[in-house]
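In what follows, a single structure is set out as structure tokens and then discussed.
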Amino acid sequence: MIRLEKFEKNDFNRLINWIDSEESMVLFSGPIFDYPITHVQLDEYINTDNRLTFRVVDINSSKIIGHAELNNIDLINKNARISRVLVGDKQDRNKGYGKAIINELVNMGFKELKLHRLDLAVYDFNKQAIKCYVDCGFEIEGLFKDNKKVGNKYWSTYNMSIINQEN
């Protein structure tokens with residue numbers, strides 16, 4: 001359904017256009033970007049060690065439909081964090097791309113990088129994403145209450161993980 005390709009400078013404008021509000025930026029990126037996202041921020045982002053960033057391509061249409069990342073890759077302790085997963089255009093959502101992206105990242109982490117553990121963070125109100133992650137084998141480890149301030153509201157974050165049972 002999808003393939004992951006290296007996220008590069010020519011992908012910057014597409015990602016910037018997908019992130020159309022401060023709230024959507026925080027949902028996508030957590031604390032690492034300031035709104036609006038700029039080329040300067042993205043240059044720094046793609047040049048960070050221990051991070052693999054991807055554009056997500058629909059293999060049937062060759063259309064770029066999203067973004068994904070493996071972050072905090074620690075080859076000594078054999079773990080990494082799935083971060084900044086996005087299906088960009090609203091009309092491409094609810095078609096199974098999210099699950100395909102997560103499964104591809106898990107496959108890459110466990111089979112290619114030989115990792116033992118992957119984790120991710122998700123805001124507690126993002127029920128659709130939580131269901132996707134559970135369907136992909138992730139379990140909730142804990143809740144960080146009111147750990148992110150967005151506007152005048154506080155958001156809480158679940159940490160979820162999956163363990164490679166073969167490694």
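Points worth noting:
- For Gly30, the requirement of being modelled with pLDDT of 95 or more and out of contact with any Ser or Thr (no Cβ under 7 Å at 6 or more places or on another chain) is not met.
- Residues that are free of Cβ contacts under 8 Å to residues at least 24 places away in the same chain and within 21 Å of Asn79 (Cα to Cα), drawn from region 135-167: Glu139, Ile140, Glu141, Gly142, Leu143, Phe144, Gln165
- Inter-residue pairs, beta-carbon under 8 Å, first among the polar types (S, T, N, Q) and in region 90-104, second surrounded by fewer than 21 Cβ atoms within 10 Å (Cβ to Cβ) and outside any helix (DSSP H, G or I), 6+ apart: Asn103/Cys136
- Flag for Leu113 being closer than 17 Å to Arg81 by Cα, aliphatic (A, V, I, L, M) and in contact with a strand residue (DSSP E or B) (Cβ under 6 Å, 6 or more places away or on another chain): no
- Condition check for Asn60: assigned to a loop (DSSP other than H, G, I, E, B), touching a residue at least 24 places away in the same chain (Cβ under 8 Å) and either hydroxyl-bearing (Ser, Thr, Tyr) or surrounded by 12 or more Cβ atoms within 10 Å (Cβ to Cβ) (or both): no
- Taken together, the criteria exclude Asp74 from residues that are within 26 Å of Trp18 (Cα to Cα), charged (D, E, K, R) and surrounded by 12 or more Cβ atoms within 10 Å (Cβ to Cβ).
- When region 133-159 is filtered for residues that are hydroxyl-bearing (Ser, Thr, Tyr) and either in a strand (DSSP E or B) or in contact with a Gly (Cβ under 6 Å, 6 or more places away or on another chain) (or both), the ones remaining, listed by number, are Tyr154, Ser156, Thr157, Tyr158.
The values are calculated or read from the model by the stated rules, or taken from the named source; none is laboratory data. All values reported here derive from a predicted model rather than from experimental measurement. With ideal geometry, Cβ positions are generated from the backbone for all residues, glycine too; neighbour counts draw on all protein chains shown.
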